[in-house]
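Below: one structure, written as structure tokens.
The values are calculated or read from the model by the stated rules, or taken from the named source; none is laboratory data. Source: prediction; values computed, not measured. No Cβ is skipped: glycine too gets one built from the backbone with ideal geometry, and neighbour counts run over all protein chains shown. What goes into the accessible areas is simple: the full protein's heavy atoms, side chains included, and nothing from ligands, DNA or RNA. Shrake-Rupley method; radii C 1.70, N 1.55, O 1.52, S 1.80 Å.
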Amino acid sequence: MKFLVCISNVPDTTTKITFTPDNKEFNKAGVQFVINPWDEYALTRAIELKEAAGSGTVTVLNVGEADTEPNIRKALAIGADDAIRVNAAPQDAYFVAEQIAAIAKEGAYDVILMGKESIDYNGFQVHGMVGEMLGIPTVAPAMKLDMSGNTATLEREIEGGKEIVTVNTPFVASCQQPMCEPRIPNMRGIMTARTKPLKVVPAVGEPARTQVTEFALPPKKQGVKLIPAETAGDLIKLLRNEAKVI
Amino acid sequence: MSVLVVVECADGEVKKSSLEVASYGAEVAAMLGTTATAIAVGEATEANLATLGEQGITKVLYDAEPRLKDFVNNAYTKLIATAAEQEQAKIIILANSNIGAAVGSRLSVRLKASLATNVVELPKLNGDQFVVRRGAFSGKAFSDVVLSGDRKIIAVKKNSTEAKHEAGKTAEVASFSAQLSDTDFADAPSQVVMQDQAGGILLPEADRVVSGGRGMKGPENWNLIEDLAKALGAATACSKPVSDVDWRPHHEHVGQTGITVSPNLYIACGISGAIQHLAGVNSSKVIVVINKDPEAPFFKAADYGIVGDVFDVLPKLTAAVKELG
Ligand SMILES: Cc1cc2nc3c(=O)[nH]c(=O)nc-3n(C[C@H](O)[C@H](O)[C@H](O)COP(=O)(O)OP(=O)(O)OC[C@H]3O[C@@H](n4cnc5c(N)ncnc54)[C@H](O)[C@@H]3O)c2cc1C
Ligand SMILES: Cc1cc2nc3c(=O)[nH]c(=O)nc-3n(C[C@H](O)[C@H](O)[C@H](O)COP(=O)(O)OP(=O)(O)OC[C@H]3O[C@@H](n4cnc5c(N)ncnc54)[C@H](O)[C@@H]3O)c2cc1C
């Protein structure tokens, strides 16, 4: 089984988001980048399934410029066998999906795993697009993934419940909790990661279809109105008469 | 040319988020000087579909194929693509749900359309530029995105726009067939399992949410959260550590790595207000924080606060709601 795990390089979850003064770009200064938290589920589950099968390979793929390599190496340290970086700034979800689809096709991967969505652009798009480009099913978002031979059984989260879906390889799935316990690199992993192959390839395909023109921050709160605990019930009156939400 | 709105139904009813999407679609159609047609998916009744006229929809297409009751990615994609061709729709609008966004991304490739998900406002038309504002950085910011090309798909975030009701207006319900065959249903789910929702209210669509954190001390105390939620007609939610230790199910976990909610009212009980939690709730219209620590960071993001013990405060709030009647 050949697994392709797509990882996105995103600002750490504790990042306070700011933009350049013209609001045109995300301000990267001092920001630490991590593997997108949901992609860690995809990576760990691929490694677990490979280990359980006793054979197979796990390749990590990132579409990004050279500054994403520390996180690609981290994925190798966690247990991926090799890596590919498509050397381009990720222009939009469509552009990223084109790159992933091209690599998946060329490498004849059986299982293409991604995260549920990126925590920076929150697209929830790339997995569906890749599935459609390759003409194969996409199961998103998946909370559980088990494999038996070429058949996968997944639990897909829907609003208010879940669906059990069975698909054959090749397929795309986007992963989220509680699929597995994401692994962290150990010392041996970090050592071996240095020498694992990381191939850099140029981008292909058509240009992006969307363009970000400006960013904005949510409006600030006016300040909190405190109600004494002794007369907590007064809060309910305020919610009805002042805030008018109940 | 028209605007095509994808309306999700369940148990015969149009979902709340789809009423929002229908209103949104009708407004976009008005901006462009055209009409809005809906295509219904899921289990619907003609009578309920006709009421989409109240949201400004003129015509509703409905394919009565029984296998469309549950979400099947391929079949839904083909159904909507066929409707879009028939209606010559240049703009397709869906809910940013696990159905809408999943179908939207496939459709964008199939119909060569540009796509924006998580959209929070009506589009702005600057000359021939079509700009939408969408949520980014998991609730920490917004980005304005230009959608290019002849066809555009928009997935609208739940609770970010309001459903309008013009009583008495009805839409024409037209039967429609996308001629779906067995192969279109190859990825159909073998089983659909619904959870019991507190009071039957789905968290992502809820107008009011009562949420508990580690300060609730243990799952045995959740009746305090549930009682207040029930009195308010609210859904229940929790912080990540609470679902990580299985005090509550995962689908209740809100935040940057859980679900993002934007209810009118979010009441946080014994939650400290970590940046990852705030990201998932800060687009709520009114935030109430109950915490015994006056320094808890959540108070900075709150509209109303009570510095106090949840075990003392929650029963008082529940009683006060019941008194209101
Ligand atoms: C400098 C810069 C400028 C940008 N400008 C724009 C812009 O103008 N317009 C715009 O729309 N977007 C822009 N982006 C966003 C970027 O293109 C996003 O990475 C892309 O849109 C995919 O994010 P998403 O949220 O849509 O992905 P989702 O669909 O939410 O991601 C789902 C999964 O796809 C995989 N994935 C996502 N991205 C990658 C990747 N790069 N490599 C490998 N796997 C990946 C991951 O597994 C992820 O969990 C910019 C990004 C950067 C860094
Ligand atoms: C990668 C990553 C992603 C994350 N994503 C999320 C996410 O999506 N959502 C999320 O919620 N968290 C997320 N977190 C975790 C986050 O950082 C916090 O640890 C978490 O939100 C804290 O949960 P809490 O507020 O319930 O618990 P605590 O931080 O332990 O807070 C408990 C609060 O309860 C108060 N309290 C205690 N007893 C009482 C009482 N009797 N009455 C009143 N108040 C009381 C305390 O004063 C305290 O403020 C993430 C973390 C990481 C690293």
Some residue of the range A:108-123 being open to solvent by 30 Å² or more (accessible area, probe 1.4 Å), closer than 13 Å to B:Asp187 by Cβ and within 11 Å of chain B (Cβ to nearest Cβ):
no
Within the range B:292-299, can one find any residue that is more than 8 Å from chain A (Cβ to nearest Cβ) and of a type in the set (Gly, Ala, Ser)?
yes
So which residues in the range A:218-246 are closer than 22 Å to B:Pro297 by Cβ and at pLDDT below 95, if there are any at all?
A:Pro218, A:Pro219, A:Lys220, A:Lys221, A:Gln222, A:Gly223
Which condition number in (1) more than 24 Å from A:Arg156 (Cβ to Cβ); (2) open to solvent by 20 Å² or more (accessible area, probe 1.4 Å); (3) not acidic (Asp, Glu) is the one that B:Asn96 fails?
(1)
If a residue counts only when it is open to solvent by 50 Å² or more (accessible area, probe 1.4 Å), which strands (runs of 3 or more DSSP E) contained entirely in the range A:151-197 have at least 3 such residues?
A:161-168
What's the total number of residues in the range A:83-98 that are open to solvent by less than 50 Å² (accessible area, probe 1.4 Å), in contact (Cβ under 8 Å) with a residue 60 or more places away in the chain and either more than 14 Å from chain B (Cβ to nearest Cβ) or within 16 Å of ligand 2 (Cβ to nearest atom) (or both)?
5
Return the residue satisfying two criteria in turn: it lies in the range B:269-287 and is in contact with a Gly (Cβ under 7 Å, 6 or more places away or on another chain), more than 6 Å from ligand 2 (Cβ to nearest atom) and open to solvent by less than 10 Å² (accessible area, probe 1.4 Å), and of such residues it is nearest to A:Lys244 (Cα to Cα).
B:Cys269
Taking the range B:188-222 and keeping residues out of contact with any Asp or Glu (no Cβ under 9 Å at 6 or more places or on another chain), surrounded by fewer than 21 Cβ atoms within 10 Å (Cβ to Cβ) and within 11 Å of chain A (Cβ to nearest Cβ) leaves B:Met194, B:Gln195, B:Asp196, B:Gln197, B:Gly200, B:Asp207
Of the residues that sit in the range B:105-158 and are touching a Leu at 6+ places or on another chain (Cβ under 7 Å) and facing another protein chain (nearest Cβ under 7 Å), which one is nearest to B:Thr257 (Cα to Cα)?
B:Ala141
Scan of the range A:158-184 for residues that are facing chain B (nearest Cβ under 7 Å), under 19 Å from the mean Cα position of the chain (by Cα) and over 16 Å from B:Ser190 (Cβ atoms), ordered by number:
A:Gln177, A:Pro178
Just to be sure, is B:Leu147 surrounded by 19 or more Cβ atoms within 10 Å (Cβ to Cβ), in the same structural domain as B:Ser18 (by TED's automatic domain parsing) and more than 16 Å from ligand 1 (Cβ to nearest atom)?
no
Among the polar types (S, T, N, Q), within 7 Å of chain A (Cβ to nearest Cβ) and part of a helix (DSSP H, G or I), is that true of B:Gln276?
yes
Out of everything in the range B:248-268 that is under 25 Å from B:Asp312 (Cβ atoms) and part of a strand (DSSP E or B), what residue ends up being farthest from ligand 2 (Cβ to nearest atom)?
B:Leu265
Only one of (1) touching a residue at least 24 places away in the same chain (Cβ under 8 Å); (2) within 26 Å of A:Pro11 (Cβ to Cβ); (3) open to solvent by 20 Å² or more (accessible area, probe 1.4 Å) is not met by B:Ala231, so which one is it?
(2)
How many residues does the range B:288-297 contain that are buried (at least 24 other Cβ atoms within 10 Å of the Cβ) and either in contact (Cβ under 8 Å) with a residue 60 or more places away in the chain or among the aromatic types (Phe, Trp, Tyr) (or both)?
1
For the range B:93-178, please list each of the strands (runs of 3 or more DSSP E) lying entirely inside it that holds at least 1 residues being among the small types (Gly, Ala, Ser) and under 18 Å from the mean Cα position of the chain (by Cα).
B:114-119, B:129-136, B:152-156
